[in-house]
Each structure stands twice: as C-alpha cells, then as structure tokens.
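Inspection log for the structure reproduced underneath, given as structure tokens.
Please treat every number below as a calculation from the coordinates, not as lab data. Predicted, not measured: the structure shown is a model, and the values here were computed from it. Glycine also receives a Cβ, built like all others from the backbone with ideal geometry; neighbour counts cover every protein chain displayed.
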Amino acid sequence: MLATTHATGLQGFGWKMIASLILLLLFIGWHYFQAVRGREPFMKTRPGWGFFVKIFYFVAVAAIAACAVTSFGAVLFSGKLLGWALVFHMMGAGTFVFLLPILALMWGRSSRFGQAYRPGRQERFNGLAKLAFWIMLFAGVITIYSPLISMLPIFGTEGLEFLLDIHRYSGLAVVLAAILHGYVVWLGRQGQA
C-alpha cells in the first residue's frame, strides 16, 4: 500500500514537520520581542478590513487548520489518513480550494512588492506579511494540484509517492506561511509592526 511505504511517527517527515514548526515559533518569538522593544519600525493603523474580508480570512484559516490537524496528526500517530480524519481533511481542502483564489483576488494587489511609495497612503501589509501571503498562495496552488495530478493514469508507484511528498511539503509550507501571516497581521492590528 502506498501509505505504508513512507516513514510514520517521528521518522522522516514527522521530524521535519515538528522541527519547522519549532523554528517558526522561535522566529515569531524573536520577532515579537524585537517589535515590542521598538527595533522594528512601528506602523500607524492600517486600512480596516470589511466584514466579508474578515469572514473569508477566518474561514480560510479554519480550513487550513482542519487540513493541518488531520494530516499532521495522521503522520504522527498512524501514518494513514483514514475515516473521519480523511472526511474532515477533504472538507477543509474543498473550502481551501474555493477560498484560495478569492484571497488571491482580494489581497494580491495590496501584497505586491515594490509598490511606489505615495505619501499619506498606508500599506495594508508589511514585507513579512506579503512574503507569507505569496508563499501561502504558491504553495497552496501546488498543494491543490499535486493530488489532482496524481489522479491521472500516467504515474507509476514512484511517481505517486513523489506527488504525495510534494503534497506533504507544500501543505507544510502553506501551514507555516499561514501561521506567519496570521501572526504578522495580528501584530499589525496591535500597532506593533
């Protein structure tokens, strides 16, 4: 079976997943300490979010969280995504597939790098939030298309395992970028970054 050919638990991908989450949390802690101490430039209040933008963001975060908890839990404990965990993973994935293009359209313009500075205009996102947004967007597209491509009858066992690994790592990149983006947006709402 395909799922049994990969290492489960804290072997292989499990270690990389936990190590990357720990490193991200350490970075967030360091960044917050720097922002609070005033080493990061404080920005004034950014443009507010509308009701629908808040709803879309919350639902997208919930969908990413559902996919992360179900898949990473399966990696750590059983190595197989089965039963209700698979149902919740697919529900979160369907929601994510629906919302990713909407988020791209809503925030793509305000997340561009290298915009000309105009006095009096506040940026919605700082550079770190923009980077996290684009990583989340591109990794999200890869995460979406890797299982879709695996449904085509052109790959053998090795090809399917490779696509599964692409799905795992790009999904991990989406989760890490979403955590980072959520942190920077929260920090901006506090007036700290």
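A few notes on this one:
- Using the average count of surrounding beta-carbon atoms within 10 Å as a protection proxy, the listed peptides 25-33, 177-185 rank, highest first, as 177-185, 25-33.
- For the range 128-188: rounded, prolate or oblate by the Cα gyration tensor [a/c cutoff 1.5]: prolate
- Net lengthening on full extension, Q34/L152 (0.36 nm per residue, minus Cα-Cα): 37.6 nm
- In order along the range 169-177, the phi-based Karplus estimate (6.51 cos²θ - 1.76 cosθ + 1.60, θ = phi - 60°) of 3J(HN,Hα) comes to 5, 5, x, 5, 5, 4, 5, 5, 5 Hz; Gly and Pro are listed as x.
- When all alpha carbon pairs of the range 50-159 are counted in 10 Å bins from zero, the resulting P(r) reads 12, 35, 31, 15, 5, 1 %.
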